[in-house]
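Report on the following structure.
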Amino acid sequence: MALTISEQLHKFVSSYVEEAKSEGLKIVFDSDWPSPCYEETAKDGEWVKWTPKGQAPKLSFDNVEEALSLQLHPDYCTYFTSYFSDNLKAKAPQGNCELLQVFNHEDFARLQQNLIGHLLMKERLKQAPTLFFGLTDEEDFILTLVNDSGEVALEQVGKEPAQILAPSLAAFLAQLTPIPH
């Protein structure tokens with residue numbers, strides 16, 4: 001039986017952390033960018049350990065949906081309101097990718113602003129709404145969720161999705177191999 005997006009995301013994040021266990025996940029500390037992910041404090045610019053942390057209380061896209069009069073796909077909302085985390089690198093069957101995550105509340109606000117800009121661009125181009133969630137090694141190509149169907153697509157910025165990669169976000173995450181940094 002297929003896992004839900006919550007279950008599959010938890011499985012991927014857990015395997016990401018497990019894969020990094022020997023060296024630990026490290027990030028440059030920035031006191032101006034506070035996050036529950038930091039495992040320790042240090043001087044700005046020093047490397048510190050970090051780990052993804054569950055959001056409590058969970059953030060919400062209600063304001064974006066209200067502003068655009070558009071209901072966002074529930075898988076997308078779950079994906080970005082489950083964890084605070086640095087971006088997660090992974091290997092997909094098609095190549096390497098980076099799964100966007102939110103590191104703190106300010107990062108979530110920035111994500112919402114960028115998503116609104118992306119959706120307004122899609123509307124202006126008379127294209128169906130897509131929701132970005134990842135980067136690829138190819139410049140100008142992003143990973144998106146087709147809002148109406150929930151399919152994961154490879155999309156060149158400003159164009160219609162070029163290729164459907166998976167029938168759902170959970171199915172896409174299931175085929176990834178973590179590459180902790």
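Quick notes on this one:
- Principal-axis tilt of helix 5-19 within the chain, Cα atoms, nearest 10 degrees: 40
- Mean-position separation - Cα centroids, the stretch 1-25 and the stretch 130-181, in angstrom: 18
- Unit charges at the beta carbon, dipole of the chain: most positive-side option, 99, 175, 133: 175
- Length available on full extension from residue 87 to residue 11: 0.36 nm per residue minus the Cα-Cα distance, which gives 25.8 nm.
- Estimated from helices alone, the mean residue ellipticity of the chain at 222 nm is -9000 deg cm²/dmol (sum of -39500 (n - 2.57) over DSSP H runs with n ≥ 4, per residue).
- Highest-first arrangement of 102-109, 118-125, where packing means the average Cβ count within 10 Å: 102-109, 118-125
- The count of lysine pairs in the stretch 5-178 with alpha-carbon distances below 18 Å, taking only pairs 8 or more places apart or on different chains, stands at 15.
- Across the chain, C-alpha contacts under 8 Å between residues 6 or more apart give a mean separation that, scaled by the residue count, equals a relative contact order of 22 percent.
- Cα centroid separation - the stretch 68-116 against the stretch 51-67, whole Å: 10
- Note on the stretch 5-178: with charges restricted to the Cβ of Lys and Arg (+1) and Asp and Glu (-1), its dipole about the Cα centre is near 220 debye.
- The angle between the Cα long axis of helix 105-124 and the longest principal axis of the Cα atoms of the chain comes to about 20 degrees, rounded to the nearest 10.
- Computed over Cα pairs, the Kirkwood radius of the stretch 121-161 leads via Stokes-Einstein (1.306 mPa s, 10 °C) to a diffusion coefficient of 156 µm² per second.
- Cα-based shape type of the stretch 138-181, given that a ≥ b ≥ c are square roots of the gyration tensor eigenvalues and the cut on a/c is 1.5: oblate
- Here each label is just a point 7 Å from Cα along the line to Cβ, and for residue 116 and residue 40 those points are 4.0 nm apart.
- The packing ranking, built from the mean of other Cβ atoms within 10 Å per residue, places the peptides 130-136, 172-178 in the order 130-136, 172-178, highest first.
Values quoted throughout were computed directly from the atomic coordinates according to the rules given, and no laboratory measurement underlies them. On a predicted model such as this, the values are computed, not experimentally measured, just so you know. Note that we place each Cβ from the backbone using ideal geometry, even for glycine, and neighbour counts take in every protein chain shown.
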